[in-house]
Structure formats: structure tokens, C-alpha cells
Number of protein chains: 2
Amino acid sequence: MSDIRKLSTSDGDFQQQLDALLAWESVSDTAVNDTVNQIIQDIRQRGNEALLEFTHRFDRWQANSADDLQIPLSRLQQAWETIPESQQQALQVSADRIRAYAQRQLMDSWSYTEADGTLLGQQVTALDRVGLYVPGGKAAYPSSVLMNAIPAKVAGVDELIMVVPTPDGELNELVLAAAHVSAVDKVFAVGGAQAVAALAYGTETVPPVDKIVGPGNIYVATAKRAVFGQVGIDMVAGPSEILIVCDGETDPDWIAMDLFSQAEHDEDAQSILLCPDGDYLKQVESSIDRLLPTMERQEIIATALRVRGALIEVKDMQEAVSVANHIAPEHLELSVANPQEMVKSIHHAGAIFMGRHTAEAMGDYCAGPNHVLPTSRTARFSSPLGVYDFQKRSSLIMASPDGADTLARTSSVMARGEGLTAHARSAEYRFKADKD
Amino acid sequence: MSDIRKLSTSDGDFQQQLDALLAWESVSDTAVNDTVNQIIQDIRQRGNEALLEFTHRFDRWQANSADDLQIPLSRLQQAWETIPESQQQALQVSADRIRAYAQRQLMDSWSYTEADGTLLGQQVTALDRVGLYVPGGKAAYPSSVLMNAIPAKVAGVDELIMVVPTPDGELNELVLAAAHVSAVDKVFAVGGAQAVAALAYGTETVPPVDKIVGPGNIYVATAKRAVFGQVGIDMVAGPSEILIVCDGETDPDWIAMDLFSQAEHDEDAQSILLCPDGDYLKQVESSIDRLLPTMERQEIIATALRVRGALIEVKDMQEAVSVANHIAPEHLELSVANPQEMVKSIHHAGAIFMGRHTAEAMGDYCAGPNHVLPTSRTARFSSPLGVYDFQKRSSLIMASPDGADTLARTSSVMARGEGLTAHARSAEYRFKADKD
């Protein structure tokens, strides 16, 4: 029997119960912080020498020289050629679809000229160099390489540097093949806080980057936070989540399996179902009980469902939308008859999977939109990873002599109101002589 | 005599000298961190009661009740009506221009349908509620209210909550007038870390927001970092900077005053001039020496120029562009004959002021583009504050039955390659029966 929580919005304390269920605060760990800061300092001071030492200590293999830390592109090609054709095809289809979607996100420069000849605009440029962190070992996901690398390349990033730890010297062929199909420019077999530090500050071999993206363990996440400012970083993700809104007409086995697909990530993952039909919720629970023993990752799923899952009965679909907006989930499935109508009322969600046929898992791999999404209610204020995360804007201002006069007069009043007289005088030099 | 540093790119150690000059690391202060964390915890636990206590302790005035912490909108209107007409006009012109530019930044939702009927897209929504921090006392800048508030309102933010400390109970009329013209929705007379905590977590009176923007002192900045994740924040800015690239044909007094206009912000502000003409650099230095004694903020300017300023002789304009891209300045003036040609080679800058008539100060107040800009070389990876900071995106995926079959087959191969079989089976349920 599953021990998934059953709630109803008609419970007197529903809002408190829901908020307790959603609560997630990443704990900052002083010991981890100290270790990470020491590693960063070492890499900054001693470069490759420290990088080799840490790789020996944490990944248990000894490179002969810093050159050995680099994995040549030919090795990526070789991995690509040796994986099964079905996996080649799947990687290629996924990469093509991710690229096609990403291209729609490209931002363009724009400008306009005002009546007095003053030009205003925004110039869009790509980042020069980006670092992509890829976890090694059991959490090595080729899909994560595609999702992080392809938008960067579409944005026009000149050089994409991947780092991936190789514990005990072991390489993951699918990850290398994914790097090949994503056209990554350089790969280094390093990981942990030392890899983040090397990317942020550079070593004799690893070039310093402008931004670091990609998932990692607590050392990697802590290191990313520490180097933020020196370089840009993507968001630091919490546990994965799915919220399903169902009208009670989807095959309950499908919904149960969709809940499992989040829960299998780890014990902290969150799977919640909202439905106005109490009988249907019971059917889904039966499906859960029947299907759970057949799952490879049964224990992880059971724990996640027990600790952080819920089946929630709502009054009606309108209330379901309102609860969904409060939850602001990373993944939202609208398993309903008319999802296009309902989506208009959704204000906060990372990715929205519309209709009974759109399994969330498709979005993890190949639908096209990114699988790097805001978690822990941060969809209230943030967005999926996208091409726009690898582009930035510069404001453009070119005042004509007439326009400068107008702007200078307003600036002068404002600056003097703020007591900044150098600002005022700098503007006043641009008054038109004949108007003085 | 000014003590501004004179460098040349032909110096053997130029790159090291430049990097030393640019180096800026915000020091994290353990004592400040501890104080801030205690304040946040207090506000979370005791709400208004703690907010009243901290306001009494730090701002030295005692509100009778939490209701007294709110400044009614009628008081903003009153401030607007009592300021001089010249300031009303300047605020109105600035607000109108900032709004017109911001409207060009609005992002729209989009979607497209593939041949097999699958719909992909991106839904853009505004943040629900935003908090705007405005410093009190001497650093109270009405322009900062306009620059932070107007893009949020243009984005469609429902509710914009401003907080502004009122040390000793004193209100700044220009700041209130700026809040009036920006259509801020609510104002509370609180500041410091306690105001940031109240905005992040809410109290009985202050509603919790989704993002906090606006400048502040080290306590405010530390508090913003601490609540990041619970809410979004804007960037934490370093000292202000200007880089001027000049061909030697602009009146040297204008350039000297433009350098002053950054330097007068504070002793850490950075003013740098690049020019290929050594004689011209000497002329600018003479202008500096002659004009400096006439400045109200002479001491701040002199310190900033001595500690962090530089006049740099470059080989030619092409080298100037290359140095400018390395510096990635917050403000870049291209005081040259053909700035539109040169701007194409600029890859990293917050805002670019093109031509001899475009004083940087115009961008601080009224040109239209935002004056909240990336500092300390972060223009390599980040952008000016804009409407896009108050909007976010949700990915849309709606698979048709045919499309679902295709996506499910690729997802299944990828998921099994990653060992995530619940993902695979969730996708496989969506295979078309006739193809199975």
C-alpha cells in the first residue's frame, strides 16, 4: 500500500498543510562552505597543480600532466560512433528538436529614432565563453548535456567548455556522445568545486568562462554560489516536482506513472495530483499500489510519494487552477479536455504539459523546450533555461544636438535635485549654445 | 594637481596594471551576516512587532501601531503637489521617456504547431507582486524610484510595494513625488534588513512579494542575498563606473566633467579614459586640474580619481575597443566621430553613450534606458534592469496523438539509457495502439 497523503481543499487547515508540504529550504552547510572556499582559493593560487591534486583526491585517478585532464574531441566522436544506433537516433532527434525550439528564443537588437534625431535602442550580444558542468557517475544524464549546451550554441557563444568528473577514470559514453552531438568545444575530465573554480578563474589549461551552467551536488552548487559575481551562474535547483491537474478522465495508470516519473528522481522529489473527483483519486491510488511493486526504483518512488507526495481533492477545476498558481510548479500537467482554455489562467509554472497525451517525460528529453526549470515555487519569478540566458543586452543612447539639449535640461534639474552637480554640469555642457 | 593614474597599453605590465585597477571583490562580512540573519529570523517569527522594534532601534522613531508604518498614497500626491514646477516637469519627462523605452522591451507569448499537430510555445506572464527598496537619508534618489518602478508597472505587475526608511521620521519629498508619478501601489516607511525580510516573508501588514529590486547599503544587500530563492532579487551592484573612449576631438572639459560625474558618486567609483592621442590625454588632465577645485563634491571626486581612475593611452581606436571589451564597463561613452560604426564591435557594456553630445548623466535620469546596470565586469554576462526582469516564461507543450507517439519513442530510448524507467513507461503509455 502506498502511503501517499490525501488532502482536500475543504479541510479547515488545508492551506497550512499545503504550505508545509511545499516548504523546502536548502540548508547551507558550514563545513561544505569552508571546504569549497579552500578549494577555490587553492585553484586560484596554484592553478593546474591544485586541479591535479584535487582530481587525484576526490576522483581517485592520477593524471600524468594537466594535458591529460583534457578529453580530445576525437574521443567524443569515438563515443558517438560506438553507441547503439537507437541511441544515436534518439540523441539526434532530441538535439534537433531542442535546437529548433531554441532558435525561436533568439533575441534581436533593436533601435528607434525620435523626432529630434535621438536614437535609442538595445544591442544584443552573446556571451563569449560558457562553462557547462556535467555530473559524473550515476547521475550522469546525456539529456542534461543537450539541454544546457544547445541553447548556448544557438545563442552564438564562441566557446563552450564542458567539465565532467570521471570517478576512478571512468568515462560515460552516452554523455560523451551527447557532447559530440551538441558541438561542445572543449572537455575537461574534472569535477566538483575544483572544476567550478577552474572555470571561474581559469588555470594554465582551463580557460576562464563568463558563465557556468549545469547541475551538480552540494559541493558544486556551493561553489557556483561562491563564484557568482566573478561569473554568471544559472539557478541552483531544488528537488524536482510535478503537479498534475486532472479532470478525472485520463487513464489512472497514466497519471500514476506520471507521478512516479518525478518521484523516481530522488527521495525529495515532489508529485502532487489535483482533481475534483474523489472516486478518481481513489482509482489513481489503486494504480499506484498496483504499479509500484513493478518499478525498478520502487523504494525511491515510495519514499518520495510518502514524504512529499499528495492526492488533493479540489472543489472544481477553477479551484485547481488557483491552487496550481499558488504552488507555481516546475512541471505542470493539464490532463484535461480543453487545456488550451485552461492554460490562459495559469500564471506560474516552469513548463506546462497540455492534454492527456503529453507526458512530462517527453519534456525531459525531446519535445524541444528546456528541461532546466525553476523549482520550489521560483516559477513565480523565474523562467526555464533558454537562449536568452546566453545573450545579454546593452542599452544604446545617441543624442542628436537638439535631443541632447532637451535631455540635458531635464537631467540638470534632476541632478541638482539629487545634489549631484558634476552630473548636472556634464549635462549642461551639451546645452545648445543658441538656447543658453 | 590631480593624481589620476597615467597608463599606456605599450607598458610591459599593462594587462596586470589594468586588472589590478579593475579588481573589485565585495567583501562578505561575518558580523553583518549574523546581524542580518537574526533580523530576518525575528521578522519571520514576530512580524509587525519585530518590524516596529527594528524601526525604532535603527531609524529612531516610534510608530504607534503597524498601521502607522504605511505612508498613504494621498501623502505621495501631496508631495507631488508641493515640489517646484521645474521638478514636477523633470520627473514627468523622465517618467514618460522611461515608460516609452520600457514598452519596447515587453516580451510576448508565442507558439507554433508542427506538421503532426504538436504545439510548442512560450507563455509570458508578469510577476504578481514586486517590492521596491528605496534608500532613505542622503542617498535617496528619486531617479532610482522611476528606474525601478516604471519597468515593473509596464510589465504588468499587479502590485508594487515600495519600502523607504525614514530616519528620525523624516520623509524625502522628491522620492515621494517620484513614487507618485511611477504609480507605486503601496509604501511602507521601513528600511534596512527588516524591510527586506518583511517583503520576502510578509507580516500582518506588509504583503509578501515575489521579487525585490532596488539599491541599498551593505545590510540591505546582505539581506537580499539571504532571501534569494524565497523571492527573486535584482543584481547586487558594485561601485559605479564609466569608461570613455575618445578620439581626441571632444572638448577636454566635457570629458573631464563626464569622468567627474561618475567619480562624485563615491570614493570607490571608477572613471577611465582611453585615447590614442597622448597630447589630448594631457589636455584632459589639465581640465581635471582646473575644474576639480570648482566641484561641490571635490574630495570624493579627487579620491575616486586617485584610487580607481586612469587615463590610458592606446595604440589606436581598434585597441581601444579591445580594451573596452575586456573592461566590460557599466557605462561606456563613445566620444568619437562615427559611434554607430564603432558600436558594432562593442560586445560587453551595460549602456553605451554614442557621440560627443551624449553625456552619461542623461542616461542616469531621462534618456529612457534604465540606469540600473551591470557593474564590475558583469556586463560580460548580464543586462540592464528591464521590463523582462518583471516578466517570466512558461514553456508550452501540447502533443497531438501522432506527435505523442513520436516523442514517446525517442523519450523511451533516452530514459532507458539513463536508467529512469518510470520516465520511459510514462512515455510509452502514449504510444499509438496501432503502432505498438
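The values are calculated or read from the model by the stated rules, or taken from the named source; none is laboratory data. Because the structure is predicted, anything quoted here is derived from the model rather than measured. Counting neighbours? That spans all protein chains shown, and the Cβs are built from the backbone with ideal geometry, glycine included. Side chains included, ligands, DNA and RNA excluded: accessible areas come from the protein's heavy atoms. Shrake-Rupley method; radii C 1.70, N 1.55, O 1.52, S 1.80 Å.
When B:Tyr101 is tested against (1) more than 14 Å from every other protein chain (Cβ to nearest Cβ); (2) under 26 Å from the mean Cα position of the chain (by Cα), just one condition goes unmet, and that condition is (1). Counting the residues of region B:229-253 that are assigned to a strand (DSSP E or B) and away from chain A (no Cβ under 13 Å) gives 3. Please work out if B:Leu73 is under 27 Å from the mean Cα position of the chain (by Cα) and not assigned by TED's automatic domain parsing to the domain that holds B:Asn217. Answer is no for this residue. Selection over region A:250-259 of residues that are out of contact with any Asp or Glu (no Cβ under 9 Å at 6 or more places or on another chain) and open to solvent by 10 Å² or more (accessible area, probe 1.4 Å) gives a count of 3.
Being buried (at least 19 other Cβ atoms within 10 Å of the Cβ), assigned by TED's automatic domain parsing to the domain that holds B:Ala195 and out of contact with any strand residue (DSSP E or B) (no Cβ under 8 Å at 6 or more places or on another chain), is that true of even one residue in region B:100-110? Yes, because at least one residue in region B:100-110 is buried (at least 19 other Cβ atoms within 10 Å of the Cβ), assigned by TED's automatic domain parsing to the domain that holds B:Ala195 and out of contact with any strand residue (DSSP E or B) (no Cβ under 8 Å at 6 or more places or on another chain).
If you go through region A:1-12, how many residues are open to solvent by less than 70 Å² (accessible area, probe 1.4 Å) and farther than 22 Å from A:Glu299 by Cβ?
Of region A:1-12, the ones open to solvent by less than 70 Å² (accessible area, probe 1.4 Å) are A:2, A:4, A:7-9, A:11.
Pick out the ones that are also farther than 22 Å from A:Glu299 by Cβ and you get A:7-9, A:11.
Qualifying residue count, region A:1-12: 4.
Here A:Glu159 meets the list (1) closer than 26 Å to B:Arg416 by Cβ; (2) open to solvent by 10 Å² or more (accessible area, probe 1.4 Å) almost entirely, failing just condition (1).
Yes or no, residue by residue, for (1) basic (Lys, Arg); (2) within 7 Å of chain A (Cβ to nearest Cβ); (3) touching a Ser or Thr at 6+ places or on another chain (Cβ under 6 Å):
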site	(1), (2), (3)
B:Tyr365	no, yes, yes
B:Thr375	no, no, no
B:Phe381	no, yes, no
B:Asp389	no, no, no
B:Lys392	yes, yes, yes
B:Ser395	no, yes, no
B:Pro401	no, yes, no
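Against the numbered list (1) open to solvent by less than 10 Å² (accessible area, probe 1.4 Å); (2) closer than 24 Å to A:Leu106 by Cα; (3) touching an Asp or Glu at 6+ places or on another chain (Cβ under 9 Å), B:Ala79 comes up short only at (2).
Confirm whether A:Asp289 is charged (D, E, K, R) and either within 11 Å of another protein chain (Cβ to nearest Cβ) or touching a Gly at 6+ places or on another chain (Cβ under 9 Å) (or both).
On the way: charged (D, E, K, R): yes; either within 11 Å of another protein chain (Cβ to nearest Cβ) or touching a Gly at 6+ places or on another chain (Cβ under 9 Å) (or both): no.
No, not satisfied.
In the condition set (1) surrounded by fewer than 24 Cβ atoms within 10 Å (Cβ to Cβ); (2) over 21 Å from the mean Cα position of the chain (by Cα); (3) under 23 Å from A:Asp128 (Cβ atoms), A:Val206 is compliant with all but (1).
Restricted to region B:86-98, and to residues that are within 9 Å of another protein chain (Cβ to nearest Cβ) and open to solvent by 20 Å² or more (accessible area, probe 1.4 Å), which residue is nearest to A:His357 (Cα to Cα)? Break it down into steps so the answer makes sense when it comes.
As a first pass, look at region B:86-98 and keep what is within 9 Å of another protein chain (Cβ to nearest Cβ): B:86-87, B:89-91, B:93-94, B:97.
Pick out the ones that are also open to solvent by 20 Å² or more (accessible area, probe 1.4 Å) and you get B:86-87, B:89, B:93, B:97.
Values: B:Ser86: 62, B:Gln87: 60, B:Gln89: 58, B:Val93: 53, B:Arg97: 48 Å.
Only one residue fits best here, namely B:Arg97.
Scan region B:337-359 for residues that are more than 9 Å from chain A (Cβ to nearest Cβ), in contact (Cβ under 8 Å) with a residue 12 or more places away in the chain and over 23 Å from A:Lys392 (Cβ atoms) and the total you get is 1.
The listed residues are A:Glu285, A:Glu296, and the only one of them that is within 18 Å of B:His423 (Cβ to Cβ) and modelled with pLDDT of 95 or more turns out to be A:Glu296. Number of residues in region A:145-167 that are modelled with pLDDT under 95 and under 17 Å from A:Pro384 (Cα atoms) equals 0.
Taken as a whole, region B:37-51 holds at least one residue that is away from chain A (no Cβ under 13 Å), of a type in the set (Asp, Glu) and open to solvent by less than 70 Å² (accessible area, probe 1.4 Å). Of all residues in region B:254-270, those that are facing chain A (nearest Cβ under 10 Å) and not aromatic (Phe, Trp, Tyr) total 10. Quick check: anything in region A:180-194 modelled with pLDDT under 95, open to solvent by 30 Å² or more (accessible area, probe 1.4 Å) and in the same structural domain as A:Ser143 (by TED's automatic domain parsing)? No. The one condition from (1) more than 13 Å from every other protein chain (Cβ to nearest Cβ); (2) part of a loop (DSSP other than H, G, I, E, B); (3) surrounded by fewer than 18 Cβ atoms within 10 Å (Cβ to Cβ) that B:Val307 does not meet is (2). When B:Lys282 is tested against (1) more than 10 Å from chain A (Cβ to nearest Cβ); (2) in contact (Cβ under 8 Å) with a residue 24 or more places away in the chain; (3) open to solvent by 30 Å² or more (accessible area, probe 1.4 Å), just one condition goes unmet, and that condition is (2).
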